Amino acid sequence: MHDRARHADEIERSTLAFRRFLGLRPTDTVEIAAFGGRHKIQVAYVRSVEEHLRLLIAAEGQPEMVGSYQVFNLIHEGLYARIGENRWVPGAPRTSDCELTELRAVYIDFDAKRPRGISATDAEKQRVRDVASECKAHLAEVFGAPDALGLGDSGNGYALFVALEPIAPSRETTAKVQRFLKAISSRFTRPGVEIDPAVCNPSRLCPAFGTLKRKGVDCQERPWRTTSFRCAETITRVPLAAF
């Protein structure tokens with residue numbers, strides 16, 4: 001059983017940290033998405049921290065929910081007007097790459113290699129943590145800025161983010177991010193650990209940190225887990241030219 005009060009606290013703690021890491025302002029529009037339940041996907045647009053938290057907590061209360069996610073790069077400020085804001089809309093269209101205005105982070109996704117539709121074991125997840133930690137130490141040295149890196153626990157793996165100096169997305173920036181992710185994948189892929197170089201597109205979703213990942217059946221060997229995100233209080237942003 002998951003403690004709802006502690007769960008809500010983690011949603012607040014991780015969401016506030018992630019917003020700070022991305023440099024989001026109170027007027028910036030954020031897309032969040034929830035998968036599972038009666039509707040396969042629900043989409044919402046939020047601007048305020050309060051509504052961001054409220055909708056994530058509301059999605060967690062749906063018993064068939066598999067997981068909640070968000071776009072981590074900056075989307076067009078007016079997109080909330082497409083479906084309204086501060087409410088979940090089943091089947092609403094997601095943000096496309098051409099509707100992004102700024103890149104705010106590079107996302108490195110470390111996952112436990114396992115069959116689809118099930119959670120990772122503790123041992124599988126620990127292998128991923130070891131690799132993600134090794135990669136984090138390497139990038140801190142490469143960029144000379146440990147506080148440019150944020151680490152997310154994605155439930156069944158880990159997510160490493162590099163804070164970017166804001167830059168407009170383009171084919172060239174996407175290609176540069178993809179080359180970087182392929183190099184990281186080549187260097188750090190290990191038995192039982194996958195690094196997905198396909199998460200390079202600007203509108204890519206990442207976990208809405210603090211929410212619960214519910215892959216398969218919640219059992220002792222392969223349990224559902226609460227996600228989380230941690231970063232420094234003050235963030236250094238890295239120019240994409242440094243990649």
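The values are calculated or read from the model by the stated rules, or taken from the named source; none is laboratory data. All values reported here derive from a predicted model rather than from experimental measurement. No Cβ is skipped: glycine too gets one built from the backbone with ideal geometry, and neighbour counts run over all protein chains shown. What goes into the accessible areas is simple: the full protein's heavy atoms, side chains included, and nothing from ligands, DNA or RNA. Shrake-Rupley method; radii C 1.70, N 1.55, O 1.52, S 1.80 Å.
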Which is buried (at least 19 other Cβ atoms within 10 Å of the Cβ), within 30 Å of His76 (Cβ to Cβ) and among the hydroxyl-bearing types (Ser, Thr, Tyr), of Ser170, Ser228? Ser228
Quick check: is even one residue across segment 111-121 more than 26 Å from Gly36 (Cα to Cα) and not hydrophobic (A, V, I, L, M, F, W, C)? no
Subset of segment 94-136 that is out of contact with any Lys or Arg (no Cβ under 8 Å at 6 or more places or on another chain) and among the β-branched types (Val, Ile, Thr) - its residue that is farthest from Asp28 (Cα to Cα): Val128
Scan segment 147-158 residue by residue and report those that are part of a strand (DSSP E or B), of a type in the set (Gly, Ala, Ser) and either in contact (Cβ under 8 Å) with a residue 60 or more places away in the chain or open to solvent by 10 Å² or more (accessible area, probe 1.4 Å) (or both). Gly150, Gly152
Which ones in segment 15-40 are of a type outside the set (D, E, K, R) and either open to solvent by 40 Å² or more (accessible area, probe 1.4 Å) or on the phi > 0 side of the Ramachandran plot (or both)? Leu16, Gly23, Pro26, Thr27, Phe35, Gly36, Gly37, His39
Scanning segment 187-207 for residues that are among the small types (Gly, Ala, Ser), touching a helix residue (DSSP H, G or I) at 6+ places or on another chain (Cβ under 6 Å) and farther than 19 Å from Ala34 by Cα gives Gly192
Only residues that are closer than 23 Å to Ser228 by Cβ, crowded, with 16+ Cβ neighbours inside 10 Å and in contact with a helix residue (DSSP H, G or I) (Cβ under 8 Å, 6 or more places away or on another chain): list them for segment 42-69, please. Gln42, Ala44, Val46, His52, Leu53, Leu56, Ile57, Glu60, Met65, Ser68
Considering only residues that are surrounded by 14 or more Cβ atoms within 10 Å (Cβ to Cβ), part of a loop (DSSP other than H, G, I, E, B) and in contact with a Gly (Cβ under 9 Å, 6 or more places away or on another chain), which ones fall in segment 80-132? Lys113, Arg114, Ile118, Ser119, Ala120
When segment 231-243 is checked residue by residue, the ones that are of a type in the set (A, V, I, L, M, F, W, C), farther than 18 Å from Ile11 by Cβ and crowded, with 16+ Cβ neighbours inside 10 Å are Ala232, Ile235, Val238, Leu240, Phe243
Say whether the condition of being in a helix (DSSP H, G or I) and under 18 Å from Arg204 (Cβ atoms) is met by at least one residue in segment 22-32. yes
Meets criteria (open to solvent by 40 Å² or more (accessible area, probe 1.4 Å), of a type in the set (Gly, Ala, Ser) and at positive phi) for Gly144: yes
Would you confirm whether or not segment 160-168 contains a residue that is part of a loop (DSSP other than H, G, I, E, B) and either within 21 Å of Leu24 (Cα to Cα) or β-branched (Val, Ile, Thr) (or both)? yes
Residues of segment 82-110 that turn out to be touching a residue at least 60 places away in the same chain (Cβ under 8 Å), small (Gly, Ala, Ser) and out of contact with any Phe, Trp or Tyr (no Cβ under 7 Å at 6 or more places or on another chain), as a count: 1
Only residues that are surrounded by 15 or more Cβ atoms within 10 Å (Cβ to Cβ), over 19 Å from Ser133 (Cα atoms) and among the small types (Gly, Ala, Ser): list them for segment 174-215, please. Ser203, Ala208, Gly210
